[in-house]
1. Tell me whether the stretch 219-233 contains one or more residues that are within 22 Å of VAL170 (Cβ to Cβ) and within 12 Å of ligand 1 (Cβ to nearest atom).
2. Determine whether the stretch 108-126 contains at least one residue that is within 16 Å of ligand 2 (Cβ to nearest atom), modelled with pLDDT of 95 or more, part of a loop (DSSP other than H, G, I, E, B) and closer than 25 Å to ARG71 by Cα.
3. List the helices (runs of 4 or more DSSP H) that sit entirely inside the stretch 231-283 and contain at least 3 residues that are among the hydrophobic types (A, V, I, L, M, F, W, C).
4. Restricting attention to the stretch 229-270, and to residues there that are free of Cβ contacts under 8 Å to residues at least 24 places away in the same chain and aliphatic (A, V, I, L, M), which single residue is nearest to THR95 (Cα to Cα)?
5. Is it true that some residue in the stretch 270-277 is among the acidic types (Asp, Glu) and under 25 Å from ILE22 (Cα atoms)?
6. I'm checking my understanding of the structure. Among residues of the stretch 61-84 that are of a type in the set (Ser, Thr, Tyr) and part of a loop (DSSP other than H, G, I, E, B), which one is surrounded by the most Cβ atoms within 10 Å (Cβ to Cβ)?
7. Suppose we keep only residues that are closer than 17 Å to ASN155 by Cβ and surrounded by fewer than 24 Cβ atoms within 10 Å (Cβ to Cβ) within the stretch 46-60. Which one would you say is nearest to ligand 2 (Cβ to nearest atom)?
8. If a residue has to be part of a loop (DSSP other than H, G, I, E, B), within 15 Å of VAL32 (Cβ to Cβ) and in contact with an Asp or Glu (Cβ under 9 Å, 6 or more places away or on another chain) to count, how many in the stretch 198-230 make the cut?
Amino acid sequence: MDIIDQVYQEDRAPKAPGHPRILALANQKGGVGKTTTAINLGTALAAIGERVLIVDLDPQGNASTGLGIDRRNRSCSTYDVLIGEAGLRESVVPTAVPRLHIAPSTMDLSGLELELGTTPGRAFRLRDAIAALNTNATPDNDYTYVLIDCPPSLNLLTVNAMAASDAILVPLQCEFFALEGLSQLLQTVEQVKSTLNPNLSIHGIVLTMFDSRNNLSNQVVADVRQFMGSKVYNTMIPRNVRISEAPSYGKPVLVYDLKCVGSEAYLKLATEVIQRERELRAH
Ligand code: ADP
Ligand code: MG
């Protein structure tokens, strides 16, 4: 990927100690469940006691809207942070969910790549902003998880997310073309790993919009599990109308309908993510 070659060789400062776990929700395909997973995994992690910051890195701002953040409350957004006019903490707004905060985005973000041009260090804007977040944390406003909601492309925004992250979480929709594009994504991760961020890994692949009555859905699950093995989380997110209704009320599905199968699945996914974190740390 050209953008990675261009920014490679630029300085790489070490990370501050005790930083939160930083996970990017990435897949260059649109409509696969990145934003839905950012919102609901974030909510589920917060529900079980983690302190979570969602960074909305999509100019569409769906994560911000889905969490009920009014446009008027986005006067300081991730655009201001990445362009260097604000610190990440200045952009953060609380959500209705305790322990869940968001750095919202606006359409301005779509112009960032052009505006930054060939500015040195442009791939590390987000990494540096998150590092600064830790240095001025207090016990009640530090985060244990940062979830980055990526746009549906492999552009400078996604590269910033990958350069800033410990690991990538890939939502994959259970449909015919699911595996198409996955190899390109994995290739990009490898490229970022060998250049901008040697510590980057794949946290896991989460199968979304699973429909057990659909033979195709079952076939896709079998194929993805065969291809990606243990990288695929055991938890699958079912296709569930409550999940798709919730954002129009500006609520995570866990707040909209805690008892539905979608909420249950995201809670299960959160425990699996935490379990995987423990295993990683033990090694
Ligand atoms: P992305 O961020 O990858 O573009 P979204 O999370 O916005 O994808 O999801 C795309 C659409 O699919 C949205 O309308 C969302 O509400 C819907 N959706 C996502 N996950 C589910 C699900 N498990 N069941 C039903 N609808 C879903
Ligand atoms: Mg999205």
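1. No, because not a single residue in the stretch 219-233 is within 22 Å of VAL170 (Cβ to Cβ) and within 12 Å of ligand 1 (Cβ to nearest atom).
2. No, that holds for no residue.
3. Numbers: elements: 241-245, 253-256, 261-282.
In the stretch 231-283, 253-256, 261-282 are the helices (runs of 4 or more DSSP H) which contain 3 or more residues that are among the hydrophobic types (A, V, I, L, M, F, W, C).
4. That would be LEU258.
5. Of the residues in the stretch 270-277, the ones among the acidic types (Asp, Glu) are 272, 277.
This time we only want the ones that are under 25 Å from ILE22 (Cα atoms), so: 272, 277.
Among the residues of the stretch 270-277, at least one is among the acidic types (Asp, Glu) and under 25 Å from ILE22 (Cα atoms), which makes the answer yes.
6. Of the residues in the stretch 61-84, the ones of a type in the set (Ser, Thr, Tyr) are 64-65, 75, 77-79.
In the following step, the residues that additionally are part of a loop (DSSP other than H, G, I, E, B) were identified as 75, 77.
Working: SER75: 13, SER77: 26.
Step by step, filter the stretch 61-84, then rank; the result is SER77.
7. Selected residue: GLN60.
8. Taking the stretch 198-230 as the starting set, the residues that turn out to be part of a loop (DSSP other than H, G, I, E, B) are 198-200, 209, 211-214.
Now narrow it down to the ones that are within 15 Å of VAL32 (Cβ to Cβ): 209, 211.
Filter once more, keeping what is in contact with an Asp or Glu (Cβ under 9 Å, 6 or more places away or on another chain): 209.
Result for the stretch 198-230: 1.
The values are calculated or read from the model by the stated rules, or taken from the named source; none is laboratory data. What you see is a predicted model, and the numbers here were worked out from it, not measured in a lab. Note that we place each Cβ from the backbone using ideal geometry, even for glycine, and neighbour counts take in every protein chain shown.
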